[in-house]
Structure formats: C-alpha cells, structure tokens
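Here the structure comes first, spelled out in structure tokens, and everything after it is commentary.
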Amino acid sequence: MLNKLTIDDISVKGKKVLLRCDFNVPIVDGKITDENRITEELPTIKKLLSDGARLIMCSHLGKPKGYDESLSLKPVAERLSELLSMDIKFISTPDVVNDEVRALAEGLKDGEAMLLENTRFRKEETKCEEAFSEDLAGICDIFVNDAFGTAHRAHCSNVGVAKLKDVSAIGYLMEKEVSFLGNAVEDPVRPFAAILGGSKVSSKISVINNLLDKVDLLVIGGGMAYTFLKSCGVKVGKSLVEDEYLEYAGEMLKKAEEKGVKLLLPVDNLAVKEFDNDAPSRIVDGDLMDDEMAVDIGPKTVALFSEALKNAKTVVWNGPMGVFEKPNFAKGTYEIAKLLSELDATTIIGGGDSASAVNNLGFGDAMTHISTGGGASLEFLEGKELPGIAAVMDK
Ligand code: AMP
C-alpha cells in the first residue's frame with residue numbers, strides 16, 4: 001500500500017498550502033466544455049479550506065510555449081468561485097509568480113484561496129529548473145500534490161517544489177487513483193482481466209509485459225491487435241501494423257502461454273478500403289484482402305471477449321477496440337464498455353481515450369473508477385514509480 005503522507009496526516013491551519021491540481025480541462029472560446037477534472041478536485045480543496053489552510057492552487061493547462069492568453073486559467077478561477085461559492089483570487093501574469101502574486105498569497109486569511117496562472121507559461125516548468133521551483137516553494141509553507149495526470153512527469157510544480165519543502169503530502173484524488181490502480185494490479189480479486197487496445201503496440205510494450213505477470217486474462221483489440229495477428233500469420237491487409245514489433249508480439253504470445261495467461265485476439269473485424277466513416281465496410285473472418293484495413297472488432301470477437309470477461313472480478317481497460325471517434329467504427333468499443341458496465345466486478349478505466357470513450361458512450365457512472373490520467377495510469381500499469389508521487393514525503 002502507498003506509504004505517502006496524505007492531507008489527513010498533516011496540520012494546515014494558518015499555513016500557506018500550495019495545491020498542485022490537474023485543471024487541464026478543455027476550453028473552447030473561453031468556456032470550459034468538460035469540468036470533470038475541476039469537480040474531482042473539490043473534496044481536497046474543501047477539506048483544506050475547512051481545516052483553515054490559506055490555499056494557493058496551481059495547474060498547467062494545455063501545452064503553451066510561453067504566455068498564451070487562450071490557455072489562461074482565468075475561466076477555471078471563475079468556475080471554482082462559482083462551485084465553491086467564494087472568491088478565488090487570480091492574477092494573470094506570464095511570470096506565474098511575481099511580487100503582486102506573492103503579496104496576494106501573503107495576504108490570504110485562513111480558509112481563503114487563490115489560483116496561480118498556468119504553470120507552463122514558465123519555460124522552466126517542464127524542465128524542472130530551479131528558478132521556478134524556488135518561486136513556487138517561496139510562496140508556500142506546505143506542498144500538496146493532487147495532480148495524478150502529470151504524476152509521470154518530473155516538473156517544477158510537482159517534483160521540483162516538493163523537494164524544496166519540509167512538508168509535502170498527496171491529496172484525496174491522488175490517493176484514490178493510486179489505491180484503485182495499485183490495488184487492482186498488486187492485489188486484485190481474481191479472475192483479473194486486462195483489456196488493451198488503442199493504436200500502437202510500441203506505446204504499450206511495457207504494459208503488456210508487466211500485465212502478463214499479473215493477469216489471468218489479457219484481451220487485445222484495437223489497432224495494436226493487428227501486429228499480433230500478423231505475427232500469427234493472419235493477413236491483415238492495410239491495417240495498422242508495426243513490423244518492427246512483430247517479433248515482440250510473438251514473444252508476448254509465448255510468454256502468455258508459458259504463464260498460463262489466456263490471451264485473446266480478434267477473430268473477426270470490420271474492414272474498409274477507405275479510412276472514412278461512410279466508406280463501404282464488411283465484417284471479415286480471419287484474413288483481410290490486401291487493400292482492406294481493420295477499423296473495429298467484429299461481432300464474433302465481441303462475443304468471444306464477452307464470454308471470457310463475464311466471470312472476471314477485476315478488469316482494467318486501456319485503449320479503444322477500434323477507431324471509436326468515427327461512429328460507424330465504434331461498435332466494438334461500445335459493446336465492451338456496455339459489457340463492463342454490467343459486470344459484477346471492479347472495473348477500472350485507464351484515462352485518455354478509453355476514459356473519454358466510456359464517458360461519451362454514457363457508461364461512465366457504471367464503472368468503479370475512471371482514471372483522470374492517461375499517460376500516468378499507463379505508467380502505473382507498467383509497474384513504474386511515478387516521480388510526482390515519489391517526490392512526496394513518506395508517512
Ligand atoms: P492510444 O492513444 O494508443 O490508446 O490509441 C487510441 C487511438 O487508437 C484512437 O484514436 C483510435 O482511433 C485508435 N485506434 C483504435 N483502433 C484502431 C485501428 N483498428 N486502426 C487504427 N487506429 C485505431
């Protein structure tokens with residue numbers, strides 16, 4: 001179990017607490033189009049405020065190169081003010097921390113809060129360079145990291161600042177993420193199944209390898225399945241294939257066999273000749289023609305996967321079963337999401353595309369846990385230590 005200090009272990013009354021949040025929300029024309037990441041953060045914020053912290057929140061937003069008004073956190077400050085029914089003070093400056101911001105932080109009373117500007121407006125942020133880490137450490141007494149989505153990166157606002165403070169802790173959201181993902185992988189109720197999909201084998205090599213040591217069943221769909229199928233001699237036409245990973249795919253199939261892990265691949269697929277939602281399509285059992293590409297799993301595959309998954313007690317899912325962004329290629333992903341929503345099991349959705357697929361398809365509420373971090377949850381499933389968590393003090 002995670003041995004990090006949490007906000008339940010520290011005393012924050014009258015202290016300036018810098019809270020690293022993940023407010024990386026989609027903003028279109030100044031309007032937040034999905035506020036999930038903000039509402040998920042509210043329990044930690046409310047706890048710190050009710051304990052009398054002087055709260056200074058920070059987050060990154062998007063990938064700005066220097067100051068970019070369209071990536072200002074101002075809309076987030078305004079929404080937080082509404083959601084918390086209180087004034088969330090905010091100063092927009094390319095420096096993120098300057099004298100005016102320091103004065104504002106210094107003037108906070110117990111239970112008051114402010115938000116800093118987008119941490120990535122500072123070029124030092126993603127390089128974890130001292131100048132910005134020191135600016136952040138200089139305005140607070142205690143550092144709390146609750147941004148799971150960036151925990152796999154070592155930046156100033158999570159790792160740099162944590163190292164400079166005598167007291168650091170994790171927030172409730174981080175604790176929740178780590179306990180769901182951690183328990184699932186380290187101490188799962190069995191049978192334990194993983195479903196992997198998405199585009200490439202190359203981006204999930206270590207995940208496949210690590211999960212094969214843990215799971216009872218591994219289901220592979222989506223673009224990455226076709227490298228595996230090709231390695232078994234199936235003709236996959238123009239489907240997404242990474243030829244340089246054919247050998248690796250073969251090794252993983254062998255490893256599964258040696259470990260007694262059941263590994264399932266698609267047996268039929270939806271094939272098109274043009275990568276277009278309205279292109280003519282057909283369901284193909286086995287070999288594709290040279291000019292066809294597979295864009296979704298077929299009905300026999302859905303039935304095969306469903307039958308194997310139905311007794312699972314823990315399921316981790318990362319990566320869609322097809323090109324789910326196109327409605328005509330989303331059926332396989334939809335069917336798997338629906339199946340998971342009906343299972344009597346702990347269902348954990350790795351962030352990123354699988355999370356948006358499950359939410360967009362309307363099954364979000366039926367899952368046990370949907371991770372807020374795509375890259376971070378993947379690295380967690382790889383068995384790696386996340387720097388943003390490692391930097392926080394142990395209990
Ligand atoms: P990832 O980021 O690796 O999880 O991949 C997600 C992406 O994989 C989505 O944008 C899907 O459209 C894409 N994807 C899923 N299945 C396929 C497929 N059969 N062919 C090409 N791309 C796919």
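Give the percent of DSSP beta bridges with both residues in the range 171-305 that are antiparallel, rounded to the nearest 5. Antiparallel bridges: around 55 percent, rounded to the nearest 5. A simple charge model with +1 on the Cβ of Lys and Arg, -1 on the Cβ of Asp and Glu and nothing else charged puts the dipole of the range 300-395 at about 240 debye relative to its Cα centre.
In a reduced charge model with +1 at each Lys and Arg Cβ and -1 at each Asp and Glu Cβ, the chain shows a dipole moment near 460 debye about its Cα centre.
Charges were assigned to the Cβ only: +1 to each Lys and Arg, -1 to each Asp and Glu. The resulting dipole of the range 1-111 about its Cα centre is roughly 320 debye. The residue list A337, V392, A77 was ranked by how far each Cα lies along the charge dipole of the chain toward its positive end, using unit charges on Cβ atoms, and V392 comes out on top. Can you tell me how the range 16-172 classifies by the Cα gyration tensor, rounded, prolate or oblate, using a/c under 1.5 as the rounded cut? It comes out rounded by the Cα gyration axes. Once you list every other residue whose beta carbon is under 12 Å from the beta carbon of V323, what net charge do they have if Lys and Arg are +1 and Asp and Glu are -1? Once all neighbours under 12 Å are counted, the net charge is -2. Centre-to-centre separation between the Cα atoms of the range 10-63 and those of the range 157-197: 18 Å. Phi angles across the range 81-88 convert, under the Karplus curve 6.51 cos²θ - 1.76 cosθ + 1.60 with θ = phi - 60°, into 3J(HN,Hα) values of 4, 5, 5, 9, 6, 7, 7, 9 Hz, Gly and Pro given as x. Beta bridges from DSSP with both residues in the chain: antiparallel share about 25 percent, rounded to the nearest 5. Loop-located GluC sites (Glu not before Pro) across the range 17-95 with a Cβ neighbour count of 10 or fewer within 10 Å are lacking, with loop assigned by DSSP.
In this simple spin-label model, placing a label point 7 Å from the Cα along the Cα-to-Cβ direction at both E106 and K200 gives a separation of 4.9 nm. Residues in the range 298-314 carry Karplus couplings, in order, of x, x, 5, 5, 4, 5, 4, 5, 5, 4, 5, 7, 5, 9, 5, 10, 9 Hz; the curve used is 6.51 cos²θ - 1.76 cosθ + 1.60 with θ = phi - 60°, and Gly or Pro positions show x.
What residues of the range 314-340 lie in the reach of a label at R282, counting those whose backbone N is under 19 Å from a point 7 Å from the Cα along Cα→Cβ? Counting backbone N atoms under 19 Å from the label point, the list is 329. Counted by neighbouring Cβ atoms within 10 Å, the residues I297, I38 run from fewest to most as I38, I297. Taking only C-alpha pairs under 8 Å that are 6+ residues apart, what is the relative contact order of the range 180-381 in percent? Computed over the range 180-381, the figure is 23 percent. In terms of its C-alpha gyration tensor, the range 230-346 comes out oblate, because a/c is 1.5 or above while a/b does not outweigh b/c.
Neighbour counts of C-beta atoms inside 10 Å place T346, T150 in the sequence T346, T150, starting with the fewest.
Length gained on full extension, E274 to D187: 26.9 nm, using 0.36 nm per residue less the C-alpha separation.
The slack between D213 and E130, meaning 0.36 nm per residue of separation minus the straight C-alpha distance, is 26.0 nm. Starting from the Cα gyration tensor of the range 180-381, take the square roots of the eigenvalues, sort them a ≥ b ≥ c, and report rounded, prolate or oblate (rounded when a/c is under 1.5, otherwise prolate if a/b is larger than b/c, else oblate). Oblate is the answer for the range 180-381, as a/c is 1.5 or above yet b/c matches or exceeds a/b.
What does the charge count around K262 come to, taking other residues whose C-beta lies under 12 Å from its C-beta (Lys +1, Arg +1, Asp -1, Glu -1)? Combined, the nearby Lys, Arg, Asp and Glu give -2. Applying both filters, DSSP loop and at most 16 other Cβ atoms within 10 Å, to the chymotrypsin sites (Phe, Trp or Tyr not before Pro) of the range 261-343 gives F275. Using θ = phi - 60° in the Karplus curve 6.51 cos²θ - 1.76 cosθ + 1.60, the 3J(HN,Hα) couplings for the range 99-111 round to 4, 5, 5, 4, 5, 4, 5, 5, x, 4, 9, 3, x Hz; x is entered for Gly and Pro. One chain, two ends: N328 and D141. Fully extended at 0.36 nm per residue, the span grows by 62.0 nm beyond their Cα-Cα distance. Listing E258, E242 from fewest to most neighbouring C-beta atoms within 10 Å gives E258, E242.
The numbers here are math on the coordinates, done by the rules we state, and not lab data. Every value quoted in this text rests on a predicted model; they were computed, and no experiment measured them. Virtual Cβ from ideal backbone geometry, glycine too; neighbours counted across all protein chains shown.
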